[in-house]
1. Would you kindly state how much longer the chain becomes between residue 129 and residue 195 on full extension, computed as 0.36 nm times their sequence separation minus their alpha carbon distance, in nm to one decimal?
2. Quick check on the exposure proxy: order 261, 288 from fewest to most C-beta atoms within 10 angstrom.
3. Amide H to amide H, which residues 5 or more places from residue 341 or on other chains are under 5 Å from it, using H placed in the peptide plane?
4. Are there trypsin sites (Lys or Arg not before Pro) in the range 265-333 that DSSP puts in a loop and that have at most 14 other Cβ atoms within 10 Å, and which ones?
5. Using modelled amide H (1.01 Å from N, peptide plane; none on Pro or chain starts), what sits under 5 Å from the amide H of residue 95, excluding residues fewer than 5 places away?
6. Could you rank the peptides 102-115, 337-350 by their average count of other C-beta atoms within 10 Å per residue, with the highest value first?
7. Whole-Hz ³J(HN,Hα) for each residue in the range 106-118, computed from phi via Karplus 6.51 cos²θ - 1.76 cosθ + 1.60 with θ = phi - 60°, x for glycine and proline: what do you get?
8. Would you grab the residues whose amide H sits under 5 Å from the one on residue 297? Only those 5+ places off in sequence or on another chain, please, with H modelled 1.01 Å from N.
Amino acid sequence: MKRVVTALLLGASLCGTAIGQVEPPKGQPSRGGSAGVGIGIQVDLRSLVSGVAALLGRATSDTVSNVVAGQVVAVWAEDEVALAPEEVARAMQARVLADHPLSSLGLRLVLFAVDEEEADKLLAQARQSFPQISFARNSYVDTLQTEHTAASPGAAGRQYAHELVRATAVQRLPQPVRIGVIDGAPDANAPLDAASFDLQRFTDTGQSPHASAIACELACRPETGFPGLARGAELVWAAILSPHQNGHERSDLVTLARALDGLVKRRAEVILTSLGTPPNPVLTRVLDRVLPKVRAFVAAAGNGGPNGAVPLPAAHPGVIAVAAVDAAAQPWPQGSRGQAILVAAPGVDLWLPVGGGRYFTGTSYAAPFAAAWIAQRLARGQPADAAALCATAQDLPPAGCDDATGCGLLRWSP
């Protein structure tokens with residue numbers, strides 16, 4: 001048995017080196033962000049990994065779907081359900097992998113390992129047996145970007161974002177506002193102008209280009225070429241992303257829930273995340289507890305295209321979902337559509353002084369504009385809710401609110 005397991009693991013490690021995405025060729029992309037097409041080599045290890053899982057008797061990551069194979073998450077209010085995780089596990093024919101008290105939210109989050117082939121059936125039985133507990137398959141949480149393309153060496157970055165939203169003279173916050181960000185770990189040497197930077201790591205991986213871009217949008221120094229939109233903020237950071245064998249950065253539902261609890265515990269006033277995951281009752285319940293404890297929650301609206309649903313957290317009622325537009329204020333074709341979208345901001349070919357200067361595309365990069373707008377208003381004692389955001393936005397065609405850009409293009413008004 002040991003030899004079989006060793007052989008399978010060796011095969012997985014060797015094949016895993018072939019999975020990934022080649023960096024797009026260097027050069028300035030068009031305004032639509034079409035330059036640089038990634039070339040990927042996909043190897044389907046699902047059968048191999050599942051075989052290893054069966055032999056080892058533990059859950060492993062499913063590289064094909066959006067769920068983590070063989071894992072079920074449960075969350076319940078500790079003042080409503082007086083059950084030990086082991087009792088729930090016995091009823092589910094499962095075993096406890098992790099038990100996380102979400103103390104700032106009054107919730108208990110438990111991760112179970114189940115037989116993958118029986119997972120859906122066991123999940124249905126658990127929901128019937130424990131109606132006060134919310135259950136879901138453990139799902140992946142993904143960044144909401146499509147690409148980042150290097151500028152030509154020595155070329156000045158093409159800027160349009162500040163002018164488009166009329167933020168040509170962005171001031172430092174007159175007093176600090178605590179912005180909680182859930183992402184990867186940004187470059188420790190990034191030229192940020194923040195009142196403080198408090199990083200909590202949920203993974204031990206290195207710096208994330210996605211996170212570095214988000215941090216720069218919020219707080220890069222003006223001399224970098226992109227004046228941060230919320231300089232002077234107290235940045236409270238939760239790093240949850242890790243490189244995945246599909247070539248992208250990912251996290252999971254359990255880690256996202258823990259990060260949300262941590263930001264509430266660290267007194268974040270505004271929460272920003274440019275991550276998304278399919279709708280599920282576990283995250284819905286967690287968000288229900290988070291929203292009353294913060295001033296605002298901002299999330300990227302998703303990159304699912306015209307027929308793609310807005311993911312969580314953006315789709316949750318009360319969360320400010322932000323879509324992306326290009327330099328001509330046109331909706332980004334790859335952006336998700338839906339009634340949950342509140343507002344739009346620049347997110348196509350957005351030049352940022354990250355990695356020597358790069359263009360970034362995705363709703364990931366539109367969301368920080370709204371979070372910064374809110375922080376600027378809160379720092380001045382001005383209304384900063386969804387109604388105020390829409391009242392200052394510029395309506396985009398078609399007239400009125402629509403499922404592509406919500407109430408329109410964010411306009412800087414602090």
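Derivation of every value follows stated rules applied to the coordinates shown; laboratory data play no part. This one's a predicted model, so the numbers in the text were calculated from it and none came from an experiment. Counting neighbours? That spans all protein chains shown, and the Cβs are built from the backbone with ideal geometry, glycine included.
1. Details: separation 66, 0.36 × 66 = 23.76 nm, distance 4.92 nm.
Separation in residues times 0.36 nm, less the Cα-Cα distance, equals 18.8 nm.
2. Details: 261 23, 288 15.
Ordered by Cβ neighbours within 10 Å, fewest first: 288, 261.
3. Under 5 Å from the amide H of residue 341: no residue qualifies.
4. Details: sites: 265, 266, 267, 285, 289, 293, 295; in loops: 266, 267, 295.
Answer by residue number: 267.
5. Excluding prolines and chain starts, which carry no amide H, the hits are 113.
6. Numbers: 102-115: 20.6, 337-350: 25.9.
Descending mean neighbour count gives 337-350, 102-115.
7. Couplings: x, 10, 10, 10, 10, 10, 10, 9, 10, 5, 4, 5, 9 Hz.
8. Counting only residues 5 or more places away or on other chains, the set is 271, 320.
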